[in-house]
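Okay, so here's the structure we're looking at.
The values are calculated or read from the model by the stated rules, or taken from the named source; none is laboratory data. None of the values given here were measured: they were computed from a predicted structure. Cβ sites come from the backbone with ideal geometry, for glycine too, and all protein chains shown count toward neighbours. These accessible areas exclude ligands, DNA and RNA; they are computed on the full protein's heavy atoms, side chains included. Shrake-Rupley method; radii C 1.70, N 1.55, O 1.52, S 1.80 Å.
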Amino acid sequence: MSEGPAGPPPLRPFGLRLHHDGRWSHEGQPILNRRLREHFDRSVRYLATDRKFVVTLRHFRGEIEVEEAAFFVRSFDAGSGRIALSDGSEETLDPSTLALSPIDGALLCRAKRALAAEGLLARFAHGAHAELMQAVEEAQGGLALRIGSTLHPIPEL
């Protein structure tokens, strides 16, 4: 009796690591090719059922090790509150999720709540951080983020 196809092999880390600052390395060696790094940035996916991050390269799909955040905020639009993420997607920022990285104090938020109820960490790139900080104002009881004409309280950072 013949069994059907076994399906894809189980996902395992294969030495590809996404560092907290957005650098990629493979088995401890930095990935220097800019186009390959950009491809990896765009192809990061979260598999909610496996609770793993993967990247794809042609027909290959492999699990990656994520040091802190698998996504990076590339830009912030204060008029709409939209953030552009490193995988090419966009969504509205939830200011209540802003936090500081315990590694180096960089700004983080939670994104991709459709994939995980608590959201997945996204780290602000320098330019996006600067764009967000231009929209921060002092308000009663602390700081607030102006999105359009509305002030949104932000957590104490």
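If both residues of a DSSP beta bridge must be in the chain, then about 85% of such bridges are antiparallel.
In the context of the full set of protein chains, the chain has a per residue accessible area of 61 Å² (1.4 Å probe). Between Ala117 and Glu138, the C-beta separation translates, for a Förster distance of 25 Å, into a calculated FRET efficiency of about 0.15. Between the residues Leu32, Leu107, Leu132, the greatest Cα displacement towards the positive end of the dipole of the chain, with unit charges on the Cβ of Lys, Arg, Asp and Glu, is found for Leu32. For region 134-152 versus region 18-46, the spacing of their alpha-carbon centroids is 34 Å. Within the accessible surface of region 33-94, defined with a 1.4 Å probe on protein heavy atoms only, the carbon and sulfur portion equals 44 percent. Taking each residue as 0.36 nm, the span from Arg42 to His26 lengthens on full extension beyond its C-alpha to C-alpha distance by 4.0 nm.
For the peptides 141-152, 59-70, the ranking by mean Cβ contacts within 10 Å, running from highest to lowest, is 59-70, 141-152. Each of Asp104 and Arg34 was given a label point 7 Å from its Cα along the Cα-to-Cβ line. The distance between the two points is 2.0 nm.
One equal scatterer on each Cα of region 60-121, no solvent, Debye formula: the resulting log10 I(q)/I(0) at q = 0.17, 0.25, 0.30 Å⁻¹ is -0.61, -1.22, -1.48.
Identify which of the listed values of volume of the Cα convex hull per residue in Å³ was calculated from the structure shown: (1) 216; (2) 117; (3) 134. This structure yields the entry labelled (3). Each Lys and Arg Cβ is given +1 and each Asp and Glu Cβ -1; about its Cα centre, the chain then shows a dipole of about 580 debye. Summed over qualifying helices (DSSP H, 4 residues or more, each -39500 (n - 2.57)) and divided by its residue number, the chain shows a 222 nm mean residue ellipticity of -3000 deg cm²/dmol. Considering only Ala114, Ala99, Ala78, the mean-square fluctuation computed in a Gaussian network model of the chain, springs between alpha carbons under 10 angstrom, is largest for Ala114.
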